[in-house]
1. Helix-only estimate, please: 222 nm mean residue ellipticity of the chain, summing -39500 (n - 2.57) across DSSP H runs of length 4 or more and dividing by its residues, to the nearest 500.
2. With only alpha-carbon atoms in the gyration tensor, what are the semi-axes of the equivalent ellipsoid for the stretch 88-188, in Å, largest first?
3. Students sometimes get this wrong: rank Phe82, Phe157 by accessible area, probe 1.4 Å, all chains present, largest first.
4. Suppose a student asked you for the relative contact order of the stretch 3-186, using Cα pairs under 8 Å spaced at least 6 residues apart; what percent would you report?
5. What Kirkwood hydrodynamic radius, in Å, does the stretch 105-146 give when the mean of 1/r is taken over all pairs of distinct Cα atoms and then inverted?
6. In 10 Å bins starting at zero, report the fraction of Cα pairs in the chain per bin as a rounded %.
7. Between Ala35, Ala175, Ala104, where does the largest GNM mean-square fluctuation fall for the chain, given springs only between Cα atoms within less than 10 Å?
8. Keeping to pairs on different chains or 8 or more places apart, tell me how many lysine pairs in the stretch 3-186 have Cα atoms under 17 Å apart.
Amino acid sequence: MVKIFINPGHAPNGKPDPGASNPNTGLRECDVALAVGNMVAEYLQNVGYEVQVLQSNSLSEICDAANSWPADLFISIHCNAFNTAAKGTETCVFSSFGARLEYASPCSKKLGEYIQSQIVKSLGTVDRGLKPRTPGVNGLYVLTNTDMPAVLSELAFIDNDEDAALLTNHQDDFAAAIARGVTDWLSF
Ligand SMILES: [Zn+2]
């Protein structure tokens with residue numbers, strides 16, 4: 001049975017770390033990530049996969065849980081934030097060096113491509129593409145320290161009002177898109 005680990009970003013109920021937020025509505029990244037993560041889990045359980053969801057302030061606890069299970073694939077769910085004007089979806093994947101996409105692990109890259117394209121297609125967000133993340137350059141702990149194909153999805157920009165409206169009103173569409181990306185990858 002395929003085992004899928006889902007990590008909604010930041011700390012449960014924002015304590016101590018809520019992640020980014022929208023300056024106008026107060027919408028918090030930790031809450032969006034958890035809601036979407038739980039919905040992804042439900043979709044994937046419904047089609048027969050085993051799913052674990054863990055949101056924790058301890059990144060090592062998250063990676064240990066995924067590695068010791070062991071999960072077959074790992075998805076971390078986040079929202080981006082920059083200057084309130086930037087918007088769109090991007091998916092981060094581990095890359096062994098140089099922060100170049102051609103050095104990304106092929107399995108993670110393929111998984112990232114499927115999830116990225118499903119989100120962009122169904123939500124109509126700006127396609128910012130896959131972002132390579134390399135330890136020592138711009139690495140992400142959960143991508144560097146998990147043993148299985150892993151991606152970190154930045155659903156949209158929570159500090160941009162247009163994207164934040166999607167993150168408020170279309171959480172189920174984000175979740176369904178991620179779940180379809182996973183099933184695309186598993187049937188690939
Ligand atoms: Zn985040």
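The values are calculated or read from the model by the stated rules, or taken from the named source; none is laboratory data. Because the structure is predicted, anything quoted here is derived from the model rather than measured. Methodologically, a virtual Cβ is constructed for each residue, glycine included, from the backbone with ideal geometry; neighbour enumeration extends over all protein chains shown. Protein only, heavy atoms only, side chains kept; ligands, DNA and RNA dropped before computing areas. Shrake-Rupley method; radii C 1.70, N 1.55, O 1.52, S 1.80 Å.
1. On the way: 6 runs with 75 residues, N = 188.
Taking each H run of at least 4 residues, the total per residue is -12500 deg cm²/dmol.
2. Details: eigenvalues 108, 51, 22 Å².
Semi-axes from the Cα gyration tensor: 23, 16, 10 Å.
3. Output order, biggest surface exposure first: Phe82, Phe157.
4. Details: 423 pairs, mean separation 53.0, N = 184.
Across the stretch 3-186, relative contact order equals 29 percent.
5. On the way: mean 1/r = 0.0872 Å⁻¹.
One decimal place: 11.5 Å for the Kirkwood radius.
6. For the chain, the binned pair fractions read 11, 40, 40, 10, 0 percent.
7. Highest fluctuation among the options: Ala35.
8. Working: Lys87/Lys121; Lys87/Lys131; Lys109/Lys131; Lys110/Lys121; Lys110/Lys131.
Lysine pairs, 8 or more places apart or on different chains, close enough: 5.
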